[in-house]
Amino acid sequence: VHRGAAYGGLGSLKDAFNDFRLAADLDPRSKEAWTGICQTRRLRKEFSAAAKDCTRALEIDPNFAPAYLQRGLAFLRMREPGRAISEINNASQLGLRRAEGLLGQSYAHAMVKQYKEAHKVYLAAMLLDSGARSFQTNFGAPRGDMDDYFTALADLDALISADGAD
């Protein structure tokens, strides 16, 4: 599991996936291995498979916050904002509060036109890490990419401008 996380931090998703898969084969009850598989698949844009792997981790331990966060981010990429909000909220309630996750939750609120809640969650993310710009949680340090919060919001410009009076 740790070597898989190290490979993920180096950006070698194939090696990370292989190590997490090996860890899950050695210990099928390893919630960390299944969550690592989930995160790797999410980063490889295999969102449906990622959600299933996180579900497997949560079947092992229903209180494992990292699996909720990863599954929530997979749901966000699958354009299921309601499920993303719920999952990221579950992770937060279990004690895992990451600025990147809260940015994802803020984006999901904006997708369903809950602008006041989106703003509130965005401010909470900035209190955690004022430098956070992406709702992508990688294995290493967060870095800006195509999931930059403000770039992603530009995809919602038509929706938001139609609700300009809010």
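Can you tell me which of L73, L102, L43 moves the most in a GNM of the chain? Springs connect C-alpha atoms under 10 Å apart.
Checking each option, the largest mean-square fluctuation is seen for L43.
Among all the aspartates and glutamates, which ones have a C-alpha under 13 Å from K45's C-alpha, if same-chain residues fewer than 8 places away are not counted?
Here the aspartates and glutamates satisfying the reach criterion relative to K45 are D147.
Placing one identical point scatterer on every Cα of the chain and ignoring solvent, what is log10 I(q)/I(0) from the Debye formula at q = 0.14, 0.16, 0.18 Å⁻¹?
Values returned for q = 0.14, 0.16, 0.18 Å⁻¹ are -0.67, -0.86, -1.07.
Ignoring ligands, DNA and RNA, what percent of the accessible area of the chain is carbon or sulfur (1.4 Å)?
Exposed carbon and sulfur together represent 52 percent of the surface.
Can you tell me the accessible area per residue over the chain, all protein chains present, probe 1.4 angstrom, in square angstrom?
In whole numbers, the chain has 50 Å² accessible per residue.
K52: which lysines have alpha carbons under 17 Å from its alpha carbon, excluding same-chain residues fewer than 8 sequence positions away?
K31
The values are calculated or read from the model by the stated rules, or taken from the named source; none is laboratory data. Owing to the predicted nature of the structure, the values given are computational and were not obtained by experimental measurement. Ligands, DNA and RNA are stripped out before the accessible areas are found, and what is left, the full protein with its side chains, is counted by its heavy atoms. Shrake-Rupley method; radii C 1.70, N 1.55, O 1.52, S 1.80 Å.
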